[in-house]
Amino acid sequence: MWNPHEPISSRQRQILGLAGLGTAVAIWAGVAASGLVKPYFLPAPWDVAAALLDMAQAEGDRNLFGAAWASARRVGLALIAVVIIGVPLGVLMGSSSKVNAVLSPLVDPMRSAPVVAVLPIVVLWFGIDETAKIVFLWLGASVFLIPMVRDAIVAVPRQHGVLAEDLGATPLEAIRHSVFPLALPRIVDAIIVAVGVEWTYITVAEYVNAKQGLGYLIQTYKRLSANDKVFAGIFVILVMALVTDQALKLLKRRLFPWETEA
Amino acid sequence: MKIELSGIVQEYPAPEGVGVLRVLDGVDLTFEEGKLNMLLGPSGCGKSTLLHLMGGVRPLGVVSPTEGTVLIDGEPCTGHHDDVVMVFQRYLNRPDLTVRQNVAFPFRFKLWRKKVPKAEQDSRVDEMLEAVGLADKAHHRPSQLSGGQNQRVALARALVLRPRVLLADEPFGALDAQIRHEMQVLLVDLIARFPTTVVFVTHDITEALILGDRVVVLSTPPARIADDFTITEARPRSENWLRSTEGSQMAARVIEQLRGGHGPEGGGQVRVTV
Ligand SMILES: Nc1ncnc2c1ncn2[C@@H]1O[C@H](COP(=O)(O)OP(=O)(O)OP(=O)(O)O)[C@@H](O)[C@H]1O
Ligand SMILES: [Mg+2]
């Protein structure tokens, strides 16, 4: 019988995960080897691997590690801005229905807005340098983070705030000492989503006038029709996004061991 | 410290969306210094509403009280009062803090940091941990404690402020009989050590009779005071006393009041665990 609550050991999870991944690669390899699809459309796994090696040894701005570092740096800097501006804003919206009423029509629809279409405006306002790229990533991730932070605050039962105020807290102290700490694990979830969003937007951010970066590499090789290298670039972005995601989730479990207890 | 409620009427928007639901219908009550007052009544009769009024906790978007006044030592009660502290059925302990940090929690607020010097804060916290029997669990987190132990933390967190009034809203309502009994014994012990006026809401008749110096019974809504009597029997009160003529007459009287004048269905949910 199928049991949706059946526990799974981490070993079992790893094996099943690898099996899924392995099957996908096997199908990919099979299709590539069969010759049914031209390598231009679907480079074989071994070609992509060779391209990766090639790119790792490339000189100058085409070097894979340099590109990965440049992209990671943008993602990191933008994330700092997302957290510094977005978390207080989300907390404010979650703590005051008036502030929320003002800001929610500005923030909430942006989640489904074509952020990509906003890029030319960002470039218009912030130029074509590093700033514009970071502002773009900041914007793209903030519209996801801010509502999530707000919802995390709203989800804390009102009684916690009531108790704090009954014990003599000012409204601000009640948020700081009772509501915020309880919302923190979900706020960290919002930050994890924000990094993920930034990684999906990195190629777009590096569309305009990037001199280095994974998105830049992908575009360059696209122009050269080196699709094995395009695949390799996408692969590296996926891996980096996965690594940041897993690292942050690990950090979260370390920081909030009480969340899964109780 | 004296709490005076006069002519308290509380109406809430009716759940069906039309009109109002009158919960409290003219309640006059005075609580005098240093007693253990039990507030008893059927489910939904407005016990929590009444307690919140005294604690200065107001519902969102509803005028409270609709009519009437609440005076604390003659002063109108409009919000938080330094000498009045509440304890709820939900412990509301911070899961990320240790037991000790939870007991010291109110000292994070400027109000108490100014009022109580650091050294005294520490000594009070130690004293409270020992008083509720959690000195050896000081560094545990709430998730490592039982329900009863968590409620001990919440009690210690309230009494560490040396309130002159303690308002308790069914604090032991979620605990099983055995633990509830232990907590009742502990409470009697605690208020002997840290004297305070207690208003204790319960819908357990036994609990009311075991603990109360005075028992106030509310009727089904729209609630008025159905009965109000004192118990002079010294605590701790035994099972035998509960089964004695005096004890069983009191229980019968409360049950009678809770059901009285409201037809056969009028009693609401009343728990008798004698
Ligand atoms: N903020 C509110 N808005 C609307 N209705 C409310 C509100 N607070 C309480 N009520 C209603 O008022 C009635 C009394 O509620 P209250 O919580 O004071 O009763 P209670 O005696 O404490 O009940 P219980 O024994 O279940 O704890 C209930 O019918 C409840 O639904
Ligand atoms: Mg209640």
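Looking at B:L71, B:L60, B:L39, which is the one that is more than 7 Å from ligand 1 (Cβ to nearest atom) and either under 20 Å from B:S219 (Cβ atoms) or assigned to a loop (DSSP other than H, G, I, E, B) (or both)?
On the way: B:L71 fails: either under 20 Å from B:S219 (Cβ atoms) or assigned to a loop (DSSP other than H, G, I, E, B) (or both); B:L60 fails: more than 7 Å from ligand 1 (Cβ to nearest atom).
Just one listed residue meets the conditions, B:L39.
Any chance the range A:141-154 includes a residue that's in a helix (DSSP H, G or I) and within 14 Å of chain B (Cβ to nearest Cβ)? Explain how you work it out, then say what you get.
Narrowing the range A:141-154 to residues in a helix (DSSP H, G or I): A:141-154.
Filter once more, keeping what is within 14 Å of chain B (Cβ to nearest Cβ): A:154.
Within the range A:141-154, one or more residues are in a helix (DSSP H, G or I) and within 14 Å of chain B (Cβ to nearest Cβ).
Inspect the range B:150-163 for any residue being away from ligand 1 (no atom under 16 Å from the Cβ), over 23 Å from B:G34 (Cα atoms) and not assigned by TED's automatic domain parsing to the domain that holds B:L53 and give the result as yes or no. It would help to see each step written out before you state the result.
First pass over the range B:150-163, keeping only residues away from ligand 1 (no atom under 16 Å from the Cβ): B:150-163.
Now narrow it down to the ones that are over 23 Å from B:G34 (Cα atoms): B:150.
Next, only the ones that are not assigned by TED's automatic domain parsing to the domain that holds B:L53 stay: B:150.
Yes: one or more hits.
The rows are residues; the columns are (1) in contact with a helix residue (DSSP H, G or I) (Cβ under 7 Å, 6 or more places away or on another chain); (2) within 16 Å of ligand 2 (Cβ to nearest atom); (3) more than 14 Å from every other protein chain (Cβ to nearest Cβ).
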| site | (1), (2), (3) |
| --- | --- |
| B:E4 | no, no, yes |
| B:G19 | no, no, yes |
| B:D25 | no, no, yes |
| B:L29 | no, no, yes |
| B:S43 | no, yes, yes |
| B:L51 | no, yes, no |
| B:G56 | no, no, no |
| B:V70 | yes, no, yes |
| B:E75 | no, no, yes |
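Just to be sure before I move on: is A:A183 small (G, A, S) and crowded, with 18+ Cβ neighbours inside 10 Å in the structure I sent?
For A:A183, the condition - small (G, A, S) and crowded, with 18+ Cβ neighbours inside 10 Å - is met.
Please indicate, with yes or no, whether at least one residue in the range B:178-194 is free of Cβ contacts under 8 Å to residues at least 60 places away in the same chain and either outside any helix (DSSP H, G or I) or in the same structural domain as B:R124 (by TED's automatic domain parsing) (or both).
Checked against the condition, which is being free of Cβ contacts under 8 Å to residues at least 60 places away in the same chain and either outside any helix (DSSP H, G or I) or in the same structural domain as B:R124 (by TED's automatic domain parsing) (or both), the range B:178-194 yields no hits at all.
From the list B:V62, B:V103, B:V84, B:V99, which one is within 14 Å of chain A (Cβ to nearest Cβ), within 29 Å of B:Q257 (Cβ to Cβ) and crowded, with 22+ Cβ neighbours inside 10 Å?
On the way: B:V62 fails: crowded, with 22+ Cβ neighbours inside 10 Å; B:V103 fails: within 29 Å of B:Q257 (Cβ to Cβ); B:V99 fails: within 29 Å of B:Q257 (Cβ to Cβ).
When all the criteria are applied, what remains is B:V84.
For the range B:106-121, what are the residues that are in contact with a Phe, Trp or Tyr (Cβ under 9 Å, 6 or more places away or on another chain) and surrounded by fewer than 20 Cβ atoms within 10 Å (Cβ to Cβ)? Full working, then the answer.
If we filter the range B:106-121 for residues that are in contact with a Phe, Trp or Tyr (Cβ under 9 Å, 6 or more places away or on another chain), which is where we start, we get B:106, B:113, B:116, B:118, B:121.
Once the filter is applied, which keeps residues that are in contact with a Phe, Trp or Tyr (Cβ under 9 Å, 6 or more places away or on another chain) and surrounded by fewer than 20 Cβ atoms within 10 Å (Cβ to Cβ), the range B:106-121 yields B:R113, B:V116, B:K118, B:Q121.
Which of the residues that make up the range A:166-180 are aliphatic (A, V, I, L, M) and either more than 20 Å from B:H52 (Cβ to Cβ) or surrounded by fewer than 18 Cβ atoms within 10 Å (Cβ to Cβ) (or both)?
Passing the criteria: A:L172, A:I175.
In this structure, does B:V132 turn out to be within 11 Å of chain A (Cβ to nearest Cβ) and under 22 Å from the mean Cα position of the chain (by Cα)?
no
Could you list, ordered by first residue, the pairs with Cβ atoms under 7 Å in which the first is in the range B:1-23 and polar (S, T, N, Q) and the second is more than 9 Å from ligand 1 (Cβ to nearest atom) and assigned to a strand (DSSP E or B), at least 6 apart or interchain?
Here the result reads B:S6/B:D28; B:S6/B:G68; B:S6/B:T69, each pair linking the range B:1-23 to a residue that is more than 9 Å from ligand 1 (Cβ to nearest atom) and assigned to a strand (DSSP E or B).
Answer yes or no as to whether B:G61 is within 16 Å of ligand 2 (Cβ to nearest atom) and among the small types (G, A, S).
Spelling it out, it is not the case that B:G61 is within 16 Å of ligand 2 (Cβ to nearest atom) and among the small types (G, A, S).
The values are calculated or read from the model by the stated rules, or taken from the named source; none is laboratory data. Computed from a predicted model, the values in this text were never measured in an experiment. Note that each Cβ is placed from the backbone with ideal geometry, even for glycine, and that neighbours are counted across all protein chains shown.
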